[in-house]
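Take a look at the structure below.
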Amino acid sequence: MENAFGQPQSLVVLGGSSDIARALTRKLCAARTTTVVLAGRNHDLLAEAEAEARAAGAQKTATVLFNADEPSGAQRCVEECFAAAGGPVDLVVMAVGLLGDQRDMETDPTQAARMITINVTWPVAALTEVRNRLLAQGHGRILVMSSVAAVRVRRSSYLYGGAKAGLDRLLWGMADSLRGTGVRMQLLRPGFVRSKMTTGQKEIPFTTGVDEVADNVVKGLATDDLVIWSPPVLRWVFAVLRHLPAPLWRKIADG
């Protein structure tokens, strides 16, 4: 069970080899988490993340392989993760996502569809089963990694931003469906984060590192906030940006 500070004893991470997920797992294991199940598509990266979790304090760990290009396998993945945990799961983190290259994808129908599959379809299928299982056990929390890109979509990344926006909006409704059940959902909206996913991209104002994002999440888990912003100042920045007139938004967002 989670304690009063939102620190879980058992953790399942879908997309467990992502840089942010790994940083968060390390933080949680250093605090209280003893059971960790990491799911992803890359066996070697999962093994590295599993070793990090053990070094940080996890006592029981496991890995599960899945392919986010195949939503039909999402339920099986979740089933295997919960079985590997061997008991109630306190926190499920959804960290599956694809940034991609807008310039290549916007002219390729197959790649455009893949963006939606990985960023929306697979996560929704998996979260539906996660919801079922947490409701059955009567408690638990879901943390979904969204993005500030979901708040107002830019022309230069409309496939990624649009996918995140769709998932973000859907999960507001899912969060409402969990009210009063003992199960809670939170969304993480980080800004630009230095990670493997953003290697080679130009940094922008309020850029952070994965450890700072993990710190913000740990603090956010101790609150009842639906949205965790990283860095927190972006809550106020986007409170303004989301209401800018379109011509001004285009100028600021895409230069």
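The values are calculated or read from the model by the stated rules, or taken from the named source; none is laboratory data. Since the structure is predicted, the reported quantities are computational estimates derived from the model, not experimental observations. Here the Cβ is made from the backbone with ideal geometry for all residues, glycine too, and neighbour counts use every protein chain on show. Areas reflect the complete protein model, heavy atoms only, side chains present, ligands, DNA and RNA absent. Shrake-Rupley method; radii C 1.70, N 1.55, O 1.52, S 1.80 Å.
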Extension gain (nm, one decimal) between W172 and A47, 0.36 nm per residue minus Cα-Cα: 41.7 nm
Most mobile of A214, A95, A112 in a GNM of the chain (Cα contacts under 10 Å): A112
Two-decimal log10 I(q)/I(0) for the range 72-128, as the Debye equation yields it once each C-alpha is a single scatterer, q = 0.16, 0.20, 0.21 Å⁻¹: -0.59, -0.77, -0.81
Segment A222-V240, extension gain: residue separation times 0.36 nm, minus the distance between their alpha carbons: 3.8 nm
Accessible solvent surface per residue of the chain, calculated while the other protein chains remain in place, 1.4 angstrom probe, Å²: 46
Projected label distance in nm at A83 and D254, using a 7 Å step from Cα toward the beta-carbon: 4.7
Neighbour net charge for G161 - beta-carbon separation under 11 angstrom, K R +1, D E -1: +3
Relative contact order (percent, whole number), the chain, Cα cutoff 8 Å, 6+ residue spacing: 19
Distance cut-off 28 Å, percentage of C-alpha pairs in the chain lying past it: 29
Percent accessible area from carbon and sulfur atoms, the range 1-116, protein chains only, probe 1.4 Å: 51
Accessible-area order (highest first, 1.4 angstrom probe) of the listed residues D104, D19: D104, D19
Distance in nm between pseudo-label sites at R54 and T107 (7 Å out along the Cβ direction from Cα): 4.8
